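Since the structure comes first, as structure tokens, the remarks are kept for the end.
The values are calculated or read from the model by the stated rules, or taken from the named source; none is laboratory data. If you're wondering where the values come from, they're calculated on a predicted model, not measured in any experiment. Ideal geometry is used to build each Cβ from the backbone, glycine not excepted, and the neighbour counts take in all protein chains shown.
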Amino acid sequence: MSRYQDLKKNLFGGTTSNARQFGMIFTLVAIVLLFQVLTNGLTLTSGNLIAVVSQYSYILILAIGMLMVIVAGHIDLSVGSVAAFTGIVVAKAIQQFDLPWPAAVAFGLLVGVVIGAWQGFWVAYVGVPAFIVTLAGMLLFRGGNQFIGNADTVPVPQGFRTIGAGFLPEVGPDTGYNNLTLLLGLAACVAVVWREWRARQVRQEMSAEPTPMWVSGVRLAVMVGVIVFATLRFAGGRVGTSLPVSGIILAVLVLAYSFYTRNTIGGRHIYAVGGNARAAELSGVKLQRVNFFVMMNMSVLAALAGMIFVARSAASGPQDGLSWELDAIAAVFIGGAAVSGGLGTISGSIIGGLVMALLNNGLQLMGVGSDLVQIIKGLVLLLAVALDVYNKSQGRFSVIGSIMRPFRREGPPVAAQAESRDETDKAPAVG
Amino acid sequence: MNDAPPLLQMSSITKTFPGVTALADVNLVVRTGEIHAICGENGAGKSTLMKILSGVHPYGTYSGDIVYQGEQVRFGDIRASEHAGIVIIHQELALVPGMSITENIFLGNEPRRRGAIDWKGARRRVVELMEQVGLKEDPDTLIKDIGVGKQQLVEIAKAFAKDVRLLILDEPTAALNEADSRHLLDLLREFKRQGITSIIISHKLNEIEAIADSITILRDGRTIETLDVRVDGVNEDRIVRGMVGRELSSRFPDRTPAIGEVFFEVRDWTVRHPISTERLVCKNSSFNVRRGEIVGFAGLMGAGRTELAMSLFGRSYGVWLGGHVYKDGKEIQLKSVADAIKHGLAYVSEDRKAIGLNLLDDIKSSIVAAKLSKISRHGVIDQVKEHRVAEEYRNSLRVKAPTVDEGVIKLSGGNQQKVVLAKWMFTDPDLLILDEPTRGIDVGAKYEIYGIIQRLAEQGKGVIVISSELPELIGLCDRVYTVFEGTITGNVPRRDADPELLMKQMTSTKKMPTP
Ligand SMILES: Nc1ncnc2c1ncn2[C@@H]1O[C@H](COP(=O)(O)OP(=O)(O)OP(=O)(O)O)[C@@H](O)[C@H]1O
Ligand SMILES: [Mg+2]
């Protein structure tokens, strides 16, 4: 095995979706570098990075929920409308009852729970396909938004705006940076090192072949480097700015849900249901409960995203959340999830979401109009998934693998998956 | 022997998958007009070799030469091989359940007239084809409404629609009952008379012995030998010796049963078909299992054995109409699979691909899937433990795979079956229900699986074995129930169990007195 493959296998575990993620990370880096050059360094400025985070965090939050929905073999088209509906209900409630912001957030999440229960009920217990239920939900809650808000905007007060437009406060000595952001960065570095160490230990306990030391080193160096760079950027913006609060919310959710999907029984069950529902059922998995949960969870996250958006734009309006569902779904598929369920990761979806966000942002910085931006985004989505499908049909796994192949001198491409073509091919199918 | 050049000559075929060499320097020579059998243990590389021949693994993904009808061929895909008259029928049938026989036969190959599909012409041709393969059905019948045996025939008819010269059958009789198998084998003989060459893969060695002209044996991805049946006088033991590399003196491990008291009992179990309201699939079935006892269920295909087992297993099949289950003298409620697992039941299904495994999963998560709570704390999975458990089963059941991180999709059929078995052994059941546990499994692995079943019984567990192979039931079980059309018609202890008696009870409605 070449060093390249060694690195790839060790960095990402070598499974299908992980190898796909490997390609995605490369794509992401390539996009960042490309726009960094094209925009004469604008992309990686503090101001722009902060703007990207606060502008796209809610889409990424949706992508988390959407990943779980798609892994379970469903789809949710209603998230944009649910977000808008929650936004207007919360804004109205604040206006009428003078709710303090924490109560308003809790109320908003409750609205998400109720909507989620409604949709989950139809999907899980009545058996209506999620596509239909959420298509109906899309209309229902969009209409609801305009009905409650009289198709008008409703402003929200200052306190509530923190979750969308807030920053970490300035505390401690004047370092020229936002100190709390620096602390967060430090914590992240420690966490990354600790995790690497744990991972090595676990491999040892499994008495698996240990990861070569140099691989651990490279991996740590890269990750710590990225974190330090990001920390300095986010901490070093205009005074009074920092890593946005919405970014912190996002980070917490990513960590929590990654853990949930990877390391818990509940998470396993979602993959089991998406991979083979009947087999899961016969293994004691409660299908209905899992389906209900993923739909419910999605609506709660949509409610959260809606509130963050309202907080950021200081008011709730009738056009909020338009076509968010499409961005979230695109992020998940670019991030390597299978259309028919059972495959995909949170981190992949986040990377997919970032690819879309940075593409959007970079094109905007270059002054490209929204018409062209949409065209380009559409093509990127199509190409990313098409390349993946093609690779699978050729029995190769990763996007990057196919790019690198002509340069490798080793044997023929493996046809490892050729056999599974007829049984498990994850080629996109309408439905 | 004739000296005409062979129809097919595959030489020095080598095929590797990441981490596995599936075939190393394999040679296969098939003469025109013969029935050529390929034998070997699970994972020996039989299916892989046939997939190379039929272009599933295209040219360039393997090394070696294929000479077919005197010419070197390089198939880039299945179409290319079909064009040359080579048709493969995979073990997993590739029919569309919701389409009619006619539509299936011409799927992807529709006869056209002026741009539109010529259904009239198609029907006429289908009637011919069906006659050829001896299938008596209305061509408009949907695939899902006919049995596996007939589906198999539809597959073959489909092959004929494509003008076949070399027919490859990968374990065609694995899912067939005896009568259907016999019909299929007769058909192969008939084809031979018509000059069609066949290659057949099967683990049913008696069939091979009966039908093959030559036998090529693979072991661990290598050609061991090719036997000429007329010259070498081949019998089953001879084939086994080639496959496993040593003499296998007996098909069943020795065992002295230590049978305790009745601990599991079912009374008056009645279940109806999930769709047709008046059809009962289990009629007042009552039976019991003792501790340490291996109980067999014999019956023809469709007798309702699987339905009985699955309806017991948390009402996973049909609509429950009545009946009681007792365990250790107390009545228990099995309303969901989770209930059933909690009460110590495990059901290893006959269809491992469709309902036994999540094919996207790796070996380790498949093994622990039915009892995640055993390797987790507060809902969080301990991945070290998971890995260790999986390794233990991989070793003790001898699953052929480089690591437990391998995807189950990459395993050969027999090894997948071992993974399913491990999955249910891991739940530590009191009553293990095995539905066709050795379907598609080689002799060596069968012996191992029998050993595993016997060990479970020795530990005081009850084991139910549903099987369509009478010798297996007779060799393995302490008692055999016979089932006919949803009714339990007999309860035969080991000493009385012989094929004739069982067969009689499996085919008659009359309830025999319980001895
Ligand atoms: N797509 C694949 N990727 C990786 N390994 C594979 C793949 N297909 C087959 N193998 C491996 O190649 C070997 C031969 O498999 P093959 O399916 O040909 O066995 P077989 O002789 O048909 O066995 P069985 O009797 O169980 O069907 C096995 O070790 C199997 O794990
Ligand atoms: Mg096979």
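Observations
One line per residue, one yes/no per condition, for (1) of a type outside the set (D, E, K, R); (2) assigned to a loop (DSSP other than H, G, I, E, B):
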residue: A:Phe107; (1), (2): yes, no
residue: A:Val133; (1), (2): yes, no
residue: A:Arg142; (1), (2): no, no
residue: A:Gln146; (1), (2): yes, no
residue: A:Arg161; (1), (2): no, no
residue: A:Glu170; (1), (2): no, yes
residue: A:Leu182; (1), (2): yes, no
residue: A:Trp194; (1), (2): yes, no
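- Contacts under 6 angstrom Cβ, first residue in the stretch B:426-447 being closer than 20 Å to B:Leu308 by Cβ, partner more than 15 Å from ligand 1 (Cβ to nearest atom) and modelled with pLDDT under 85, 6 or more apart: B:Asp435/B:Glu350; B:Glu436/B:Glu350
- Selected residue (criterion: farthest from B:Glu293 (Cα to Cα)) from residues of the stretch B:437-480 that are among the polar types (S, T, N, Q) and touching a Ser or Thr at 6+ places or on another chain (Cβ under 8 Å): B:Thr438
- Residue check, B:Leu135 within 16 Å of ligand 2 (Cβ to nearest atom) and either touching a residue at least 60 places away in the same chain (Cβ under 8 Å) or more than 12 Å from chain A (Cβ to nearest Cβ) (or both): no
- Qualifying residue in the stretch B:488-500 (condition: closer than 23 Å to B:Ala179 by Cα and assigned to a helix (DSSP H, G or I)): yes
- For the stretch B:477-486, taking the residues that are outside any strand (DSSP E or B) and in contact with a strand residue (DSSP E or B) (Cβ under 6 Å, 6 or more places away or on another chain), the one that is surrounded by the fewest Cβ atoms within 10 Å (Cβ to Cβ) is identified as B:Asp478.
- Condition met for B:Ala390 (at the interface with chain A (Cβ under 9 Å from one of its Cβ atoms) and either more than 12 Å from ligand 1 (Cβ to nearest atom) or on the phi > 0 side of the Ramachandran plot (or both)): no
- At least 3 residues being of a type in the set (A, V, I, L, M) is the threshold, and among the helices (runs of 4 or more DSSP H) wholly inside the stretch B:50-162 those reaching it are B:119-133, B:148-161.
- Residue among B:Val399, B:Val420 that alone is outside the structural domain of B:Arg219 (by TED's automatic domain parsing), more than 17 Å from B:Phe17 (Cβ to Cβ) and within 16 Å of ligand 1 (Cβ to nearest atom): B:Val420
- When the stretch A:273-289 is limited to residues that are touching a Gly at 6+ places or on another chain (Cβ under 8 Å) and assigned to a helix (DSSP H, G or I), the one that is nearest to the other protein chains (Cβ to nearest Cβ) turns out to be A:Gly275.
- Answer from B:Thr14, B:Thr32 - the residue that is within 16 Å of ligand 1 (Cβ to nearest atom) and in contact (Cβ under 8 Å) with a residue 12 or more places away in the chain: B:Thr14
- Residues of the stretch B:123-138 satisfying the condition of being buried (at least 22 other Cβ atoms within 10 Å of the Cβ) and either more than 23 Å from B:His83 (Cα to Cα) or at pLDDT below 85 (or both): B:Leu135
- If the condition is being touching a residue at least 60 places away in the same chain (Cβ under 8 Å) and within 30 Å of A:Met307 (Cβ to Cβ), then the stretch A:191-234 contributes A:Ala230, A:Arg233, A:Phe234.
- Among the residues of the stretch B:51-71, those identified as closer than 28 Å to B:Val240 by Cβ, of a type outside the set (Val, Ile, Thr) and crowded, with 22+ Cβ neighbours inside 10 Å are B:Lys51, B:Leu53, B:Ser54.
- Among all positions in the stretch B:321-331, there is at least one residue which is out of contact with any strand residue (DSSP E or B) (no Cβ under 6 Å at 6 or more places or on another chain), more than 7 Å from chain A (Cβ to nearest Cβ) and modelled with pLDDT under 95.
- Residue within the stretch B:44-58 that is more than 14 Å from ligand 2 (Cβ to nearest atom) and among the basic types (Lys, Arg) present: no
- Residue match in the stretch B:107-122 (condition: more than 26 Å from the chain's Cα centre (by Cα), on the phi > 0 side of the Ramachandran plot, away from ligand 1 (no atom under 16 Å from the Cβ) and of a type in the set (Lys, Arg)): yes
- Qualifying residues in the stretch B:356-383 (those that are more than 7 Å from chain A (Cβ to nearest Cβ) and of a type in the set (D, E, K, R)) - the one surrounded by the fewest Cβ atoms within 10 Å (Cβ to Cβ): B:Arg377
- With respect to the conditions (1) exposed (fewer than 14 other Cβ atoms within 10 Å of the Cβ); (2) more than 16 Å from ligand 1 (Cβ to nearest atom); (3) in a loop (DSSP other than H, G, I, E, B), B:Pro6 lacks only one, and its number is (1).
- The stretch A:165-204, subset exposed (fewer than 13 other Cβ atoms within 10 Å of the Cβ) and within 14 Å of another protein chain (Cβ to nearest Cβ), residue farthest from B:Glu386 (Cα to Cα): A:Arg195
- Checking each residue in the stretch B:144-172 for being surrounded by fewer than 23 Cβ atoms within 10 Å (Cβ to Cβ), away from every other protein chain (no Cβ under 14 Å) and within 16 Å of ligand 2 (Cβ to nearest atom) picks out only B:Glu171.
- Scanning the stretch A:226-257 for residues that are under 13 Å from A:Pro169 (Cα atoms) and polar (S, T, N, Q) gives A:Thr241, A:Ser242.
- Residue match in the stretch B:360-375 (condition: in contact with a Lys or Arg (Cβ under 7 Å, 6 or more places away or on another chain), without any contact (Cβ under 8 Å) to a residue 12 or more places away in the chain and hydrophobic (A, V, I, L, M, F, W, C)): yes
- For the stretch B:430-450, a residue qualifies if it is in contact with a helix residue (DSSP H, G or I) (Cβ under 8 Å, 6 or more places away or on another chain) and either away from ligand 1 (no atom under 15 Å from the Cβ) or within 14 Å of chain A (Cβ to nearest Cβ) (or both), and the qualifying residues are B:Leu432, B:Ile433, B:Leu434, B:Asp435, B:Tyr450.
- Condition check for B:Asp442: assigned by TED's automatic domain parsing to the domain that holds B:Val465, away from ligand 2 (no atom under 16 Å from the Cβ) and out of contact with any Lys or Arg (no Cβ under 6 Å at 6 or more places or on another chain): no
- Residue check for A:Gly240: more than 14 Å from chain B (Cβ to nearest Cβ) and in contact with a strand residue (DSSP E or B) (Cβ under 8 Å, 6 or more places away or on another chain): yes
- For the stretch B:14-35, the set of residues classified as closer than 14 Å to B:Thr226 by Cβ and either within 16 Å of ligand 2 (Cβ to nearest atom) or basic (Lys, Arg) (or both) consists of B:Val26, B:Leu28, B:Arg31, listed by residue number.
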